[in-house]
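The values are calculated or read from the model by the stated rules, or taken from the named source; none is laboratory data. Please read all numbers here as calculations on a predicted model, not as lab measurements. Positions of Cβ are generated from backbone atoms using ideal geometry, with glycine treated the same way; all protein chains shown enter the neighbour counts. SASA here: full protein model, heavy atoms, side chains in, ligands and nucleic acids out. Shrake-Rupley method; radii C 1.70, N 1.55, O 1.52, S 1.80 Å.
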Amino acid sequence: MTTLTGTGGATTKRGAATKWRGGLAEVVILLGLVAVFSILNPTHFPTLTNLATILNTASIPVILGVGASAVVLTGRIDLSVEGVMGAAGMTFVLLSANSRETADIGWLAWPAALAVGAALGALTGAIHVLAKVPSFIVSLGIWYVGLGIAAVLFGYEMIPFLTNESAVAWPTATLAGIPNSFLLALCVAALGVLIERMTRLGRAAYAIGNNEAVARMTGIPVSTFVVILFAFAGACSGLAGVVGSLALGAGAANVGVGMLFLTLAAIVIGGTPLGGGRGGTLRTVTGVLILSTLYNGLILAGVDPSIQSGVSGLVLVAAVVAAGWSQRERLRVFK
Amino acid sequence: MIQTGIVAPDASRVKAAPILRLDAISKTFGTVAAVKSLSLSISRHEVVGLIGENGAGKSTLLKMLTGVHLPDQGRMELNGRAVAFRGPLDATAQGVGIVHQEQSLFTNLSVAENIVMGAVRAGSQAVRGGIYRWSTVRREASEVLARIGSDIPPDTPVSDLSFAERQMVEIARTIHLACQSAAAQGGAPLVILDEPTSVLEKAETEVLEAEIARLREIGSVIFVSHRLEEVLRICDRIVVMRHGELVADRPVAGVTEADLYRLMIGKDRHARIRDVAPAVTSRPVLSASGLGRPGHFRDVDLDLHAGRITAVVGTFGAGREALVRSLFGVEGHDRGRMILDGKPVTDWTPRKAIAAGLAYLPAERGVESAVGGLSAARNLTLVPHEAPWWLSPARRKALAGAWFERLDIRPRLPELPLERFSGGNQQKVVLAKWLARNPRVLLLDHPLRGLDPGAGAAVNACIRAACAEGAAVLLLADTLEEALDLGHEIVVMRDGGISARFDTATDDPTTLDLLEKMV
């Protein structure tokens, strides 16, 4: 080992450098955004009310992002979030006190909606591993299956409004200045972190994302774990559907519209590569906060809402370029 | 110390029941009999060397031992019980461990996790009820690492380790798993080391040898290597395979390298003939002056002359690989300049290098030079030839056929996907790809890595022939002997700089001379 001591020192330095880059850059960007918008709009942006607004808009993408990043860690992708949100949200509304008076099973509507989400996620995962087809195309299909389920449940009657006023007000009500919806999102994120760091399932997700063939040879039940992770992501989408329905105060198939872009963009901007194996929940939470702050700041700065989507697209592309900048060797294969 | 659950060996009882017994096992692929009715018995406390040319059936035998293939016929016994492995995982669970030539670590995880990950199924305490106990993970890993005498911190991410360090982790992991599984089964472990030393430096090879000696105390080892002197030094017994059969099985005492070579190849190794070094022509084809890249190499002055082989030697991390990659334009250089035919070059890329007549044989054949899924003929014509835009199928066929003859690439089926050829033949195809263009400069990064002596000799002959036809060759050799054998000039690198130069014709350096300048 004597010949290696020289490189050993460099190794530690390199390791420390990577650790430093692990998430701090994204946090710096977030703080930078907060600083810039605070200077641009000192009266409206840096207020507690606005903080609650930002956190409230961030809550659904955070819940979605926790599940979606668990799937992305394995190198797979779940595009079905919007459809699953629709199906689960509609299930929740129709099983709660609503203007159509379908059924009211009280708090059990929550686990019922989560179960619908988990089932759709498990279906995506099962088709993906059994038929050995790419997850992006399976989940793309399940997206529309979810929308279809929501549409069937919606039927041709009038819109089902939630009649329990206190339930509808719950997400935006604040506890110590933080909206309940975001507190719920934080709980989900904490669960995500626990799974990632402390469980065999989570560690296996990193291993699968790094080298799936080796993972199989190491005895990791890759297929089973992938299905479980998709079911987890589905359950997260289901929960997001519930929160979204509460915020709307009504059932709607398109409760999740626009959420897929936001979730995937947050994952990438947070620094989890779509190839898998690196990153995770906390990075995605940072990514969501960056995007929510950006949206909010742009609105308060008086930027025309119609150019916002263009701006967020540019931010996504810039983030991907920045993330890959250090690895752009001449012969690296990218496709 | 790791609890292996194995009590002190009881020599008399152990001798009676071998760990592994193969009784006339065979495996046939299509019409090719890869292993023909092979019988072999390995006792506990035995280190058996397995040697044979590429294609002799060694890998098929190993694949049967590790559950990748089931034998077509015959009987396999492990620790006295007949076994038919349901798959590689089953073999692992029964206490058979293998360290492959290719590494199989999760580069994004820490050393500790990599070591423990596989052991979870074999009753490791580090993960209980699906929940990680990180302190136990670290403790188990430190114990395993300490056992093989490694000082790698268990929390280091594998991506930060050097190639050789990764190999040590790989070995540690396999040994740990095999011992645990065997203990759970109440038997003794069998560890197969498939050319573990081809990427290790001398000091690490010594560590490995010490570990093999320790493994001998509890189980058995099958050691596969192309370095015959190493096999003779490490093993108790040597088994030689040729054409799918076991042609020799004898204790090492009294056996010489020449004997083994004869058994493997079926003929004598021809004596080394150093061809007469051609005179240095007035102008080098390619030269570097003061070339450097921070952290890799610095102040490199190098002249490559037509018809001469320049061998660069140095330890792992001396900067040889980075230098070659810069010369070919794969990676840039920050200092100094490169001169091609007297003209300095700028913005050097592989494309420009190829156009200028350079050829580069990368060390990582599977990743950078061989396209496994494409046919050998297509691999052979991947680099544009005289007809830059269009190569007719007939022309390609003729070209491939000619090179298959010339380099004796077997089987003579140019349309077969390259991945179906053995390592040596794949390397010949890759070499032919470049030789077909009559390169002016050949940059060879470990051309013999993973090849058996027979294939190595054939590849060396190709290199010599290309050189005789006027190519300037830069060679990064696997061994010092290889460098001395082929090189007209030897350049020694140490810590990124050139520490010595020898002209083999006038200086006649020995390996000791080179080693002195390397460390």
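Quick notes
- Quotient of Cα Rg and 2.2 N^0.38 Å for segment B:142-187, N being how many residues it contains: 1.26
- Stokes-Einstein diffusion of segment A:26-322 at 20 °C, 1.002 mPa s viscosity, Kirkwood radius from Cα pairs, rounded to a whole number: 110 µm²/s.
- Separation between Cα centres of segment A:174-232 and segment B:206-252, rounded to whole Å: 44
- Accessible area (Å², 1.4 Å probe, nearest 10) - A:F136: 100
- Each part reduced to its alpha carbon centroid, segment B:447-514 and segment A:101-139 end up 62 Å apart.
- One compactness figure for the protein assembly as shown is 1.10, namely its Cα radius of gyration divided by 2.2 N^0.38 Å.
- Loop-located GluC sites (Glu not before Pro) across segment B:443-519 with a Cβ neighbour count of 14 or fewer within 10 Å are B:E469, with loop assigned by DSSP.
- Exercise: per-residue mean of other protein chain Cβ atoms within 10 Å, B:143-154: 1
- Solvent-accessible heavy-atom area per residue, rounded to whole Å², over chain B at 1.4 Å: 42
- Solvent-accessible area of segment A:26-322 (1.4 angstrom probe, protein heavy atoms only): carbon and sulfur portion equals 74 percent.
- Taking the protein heavy atoms of chain B in the context of the full set of protein chains, the accessible area attributed to carbon and sulfur is 52 percent at 1.4 Å.
- For chain A, a Gaussian network of Cα nodes joined below 10 Å ranks A:L183, A:L175, A:L120 by mean-square fluctuation, and the top entry is A:L175.
- Accessible-area value, B:S37, 1.4 Å probe, nucleic acids and ligands omitted, Å²: 70
- Per the Kirkwood formula applied to alpha carbons, chain B shows a radius of gyration over Rh ratio, Rg over Rh, of 0.99.
- Chain B - percent relative contact order, Cα under 8 Å, separation 6 or more: 15
- Leading residue at positive end of dipole, the protein assembly as shown (Cβ point charges), from A:L123, A:T284, B:G336: A:L123
- For chain A, the membrane-span-like helix rule (DSSP H, alpha carbon extent of at least 18 Å along the helix axis, mean Kyte-Doolittle at least 0.0) picks out A:5-40, A:48-73, A:81-94, A:109-131, A:135-154, A:180-198, A:222-248, A:281-300, A:308-324; this says nothing about an actual membrane.
- Residue mean of other protein chain beta carbons inside 10 Å, A:203-215: 4
- Of the peptides A:29-41, B:305-317, the order by per-residue mean of other Cβ atoms within 10 Å, starting with the highest, comes out as B:305-317, A:29-41.
- Applying both filters, DSSP loop and at most 11 other Cβ atoms within 10 Å, to the chymotrypsin sites (Phe, Trp or Tyr not before Pro) of segment B:356-440 gives B:W389, B:W390.
- Ordered by solvent-accessible area of protein heavy atoms (1.4 Å probe), largest first, the residues B:R351, B:R298 come out as B:R351, B:R298.
- Surface analysis of segment A:26-322 yields an accessible area of 41 Å² per residue, using protein heavy atoms and a 1.4 Å probe.
- Of all aspartates and glutamates in the structure, the ones whose alpha carbon falls short of 14 Å from that of B:K36, not counting any fewer than 8 places away in one chain, are B:D23, B:D72, B:E245.
- When the listed pairs B:K58/B:K428; B:K352/B:K433; A:K132/B:K397; B:K343/B:K428; B:K58/B:K202; B:K343/B:K517 are checked against a 27 Å cut-off, the alpha-carbon distance exceeds it for A:K132/B:K397; B:K343/B:K428; B:K343/B:K517.
- Shielding of A:217-223 by partner chains, average beta-carbon count, 10 Å: 6
- Stokes-Einstein diffusion of segment B:411-509 at 25 °C, 0.890 mPa s viscosity, Kirkwood radius from Cα pairs, rounded to a whole number: 166 µm²/s.
- Centre separation in Å (Cα based) which lies between segment B:66-122 and segment B:326-404: 39
- Average Cα contact separation per residue, chain A, under 8 Å, 6 or more apart, as relative contact order %: 31
- Estimated [θ] at 222 nm from DSSP helical runs (n ≥ 4, -39500 (n - 2.57)) normalised by residues in the protein assembly as shown, nearest 500: -15500 deg cm²/dmol
- Shape of segment B:150-258, Cα gyration tensor, a/c cut at 1.5: oblate
- Residues B:R378, B:R410, sorted by accessible area with the largest first, give B:R410, B:R378 [1.4 Å probe; ligands and nucleic acids excluded].
- Per the accessible-area calculation with a 1.4 Å probe, the total area buried between chain A and chain B rounds to 2800 Å².
- Global form of segment B:101-203, assessed from the alpha-carbon gyration tensor, a/c cut-off 1.5: oblate
- Solvent-accessible area of A:C187 with every protein chain in place, 1.4 Å probe, in Å² to the nearest 10: 90
- The GNM of chain A, with springs linking C-alpha atoms under 10 angstrom apart, assigns the highest mean-square fluctuation among A:G83, A:G148, A:G310 to A:G310.
- Among beta bridges that DSSP assigns inside chain B, antiparallel share in %, nearest 5: 55
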